[in-house]
Amino acid sequence: MKKITIAVDGFSSCGKSTMSKELAKRVGYVYVDTGAMYRGVTLFCLRNNLINGDKVDEEALAGLIGGIAITFGIDDNGSQYLMLNGENVEKEIRGMEVSGKVSIVAAVPLVREAMVDLQRKMGENKGVVMDGRDIGTTVFPDAELKIFVTASPQIRAQRRLDEMRSKGNTEVTFEEILFNVEERDRIDQTRAVSPLRKADDALVLDNSEMTISQQDEWLMNEFKKRVEM
Ligand code: DC
């Protein structure tokens with residue numbers, strides 16, 4: 001069966017990684033979480049004091065970026081984790097500190113150049129499901145299957161609220177989360193370098209009213225159409 005490249009882009013908190021991971025598992029492809037890579041670089045910047053408020057010391061970072069190794073490992077349960085210079089940093093990159101700074105680091109052109117190069121190398125032999133914001137537009141404009149995932153801000157905020165409540169967080173309100181979701185959408189779409197936008201040839205998947213298994217079936221179906229062509 002021919003191998004293809006699958007680009008999954010879209011807004012934050014709309015289930016991109018869940019569906020991308022599931023498809024990769026079902027069809028035996030490599031899954032690449034590009035958001036984790038930007039998070040890894042952000043952790044590096046934090047550890048090296050390269051961020052001051054909302055400014056990144058780009059000059060200092062330019063001299064250090066060649067020494068940042070971003071790779072993925074797989075644990076005993078088959079889950080992927082991010083490594084920064086050989087250290088498993090999966091937990092740290094999901095924390096509040098990194099989450100609060102990643103959008104400014106991901107907007108730095110030299111960071112994007114380095115990550116896009118690395119992502120192209122990871123996908124050079126095809127057989128990848130890559131999830132992010134600019135995969136179908138910048139990283140793999142020739143991907144055979146491009147999906148742009150979306151859901152209403154209210155639905156995404158509710159999903160995040162449910163997730164936080166299930167982890168015992170009772171402080172945060174729906175309104176706060178909704179504000180955060182809408183704010184991140186705005187930053188992602190208005191950034192100067194590689195803003196989030198749908199590639200002209202991407203299929204839109206609005207999963208506001210879909211269950212996870214309906215989404216998985218939909219994606220599997222689109223995959224089959226492409227490999228059987
Ligand atoms: O998907 P995520 O929330 O882990 O992404 C973290 C940040 O990285 C988010 O601010 C968007 C940015 N990002 C990006 O600019 N380009 C990508 N290909 C993936 C993520």
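Semi-axes of the equivalent ellipsoid for the chain, computed as √(5λ) from the eigenvalues of its C-alpha gyration tensor and ordered from largest down, come to 26, 23, 17 Å.
Taken about its Cα centre, the chain carries a charge dipole of about 420 debye when Lys and Arg each add +1 at the Cβ and Asp and Glu each add -1 at the Cβ.
The GluC sites (Glu not before Pro) of segment 67-125 that meet both conditions, a loop assignment by DSSP and at most 11 other Cβ atoms within 10 Å of the site Cβ, are 124. To the nearest 0.05, how large is the calculated FRET efficiency for residue 48 and residue 76 if R₀ is 45 Å and r is the Cβ-Cβ distance? In this case the efficiency is close to 0.90. Along the charge dipole of segment 101-229, Cβ charges K/R +1 and D/E -1, which of 109, 127, 202 sits furthest on the positive end? The listed residue farthest towards the positive side: 109. Hey, in the GNM for the chain with a 10 angstrom Cα cutoff, which one of 57, 33, 131 fluctuates hardest? Result: 57 has the largest fluctuation of those listed. Cross-link pairs exceeding 25 Å between alpha carbons, from the set 91/146; 21/146; 2/121; 121/167; 55/126: 91/146; 121/167; 55/126.
Note on the chain: dipole from Cβ charges, positive end direction compared against 221, 56, 179; the farthest Cα belongs to 221.
With a simple spin-label model that places each label point 7 Å from the Cα along the Cα-to-Cβ direction, the separation between residue 201 and residue 174 comes to 4.2 nm.
For the chain, a Gaussian network of Cα nodes joined below 10 Å ranks 93, 74, 51 by mean-square fluctuation, and the top entry is 74. Among 201, 54, 76, the residue with the largest mean-square fluctuation in a Gaussian network model of the chain, with springs joining Cα atoms closer than 10 Å, is 76. Farthest towards the positive end of the charge dipole of the chain, among the residues 157, 145, 11, is the Cα of 145, using unit charges on the Cβ of Lys, Arg, Asp and Glu.
Across segment 72-88, computed HN-Hα scalar couplings (Karplus, 6.51 cos²θ - 1.76 cosθ + 1.60, θ = phi - 60°) run 10, x, 10, 7, 5, 8, x, 8, 7, 9, 8, 10, 10, 6, x, 9, 6 Hz from first to last residue, x flagging Gly and Pro.
Near residue 190: Cβ cut-off under 12 Å, other residues only, Lys/Arg at +1 and Asp/Glu at -1. The net charge is +1. Shape summary of segment 55-189, radius of gyration then Dmax from alpha carbon positions: 17.1, 46 Å.
Each DSSP beta bridge with both residues in the chain is either parallel or antiparallel, and the antiparallel ones are about 35%. Modelled label positions at residue 212 and residue 25, each set 7 Å beyond Cα in the direction of Cβ, lie 0.8 nm from each other.
We did not get these values from a lab; they are worked out from the coordinates using the rules stated. Keep in mind that this is a model prediction, so the values were computed, not measured. Note: ideal-geometry Cβ built from the backbone for every residue, glycine included; neighbour counts use all protein chains shown.
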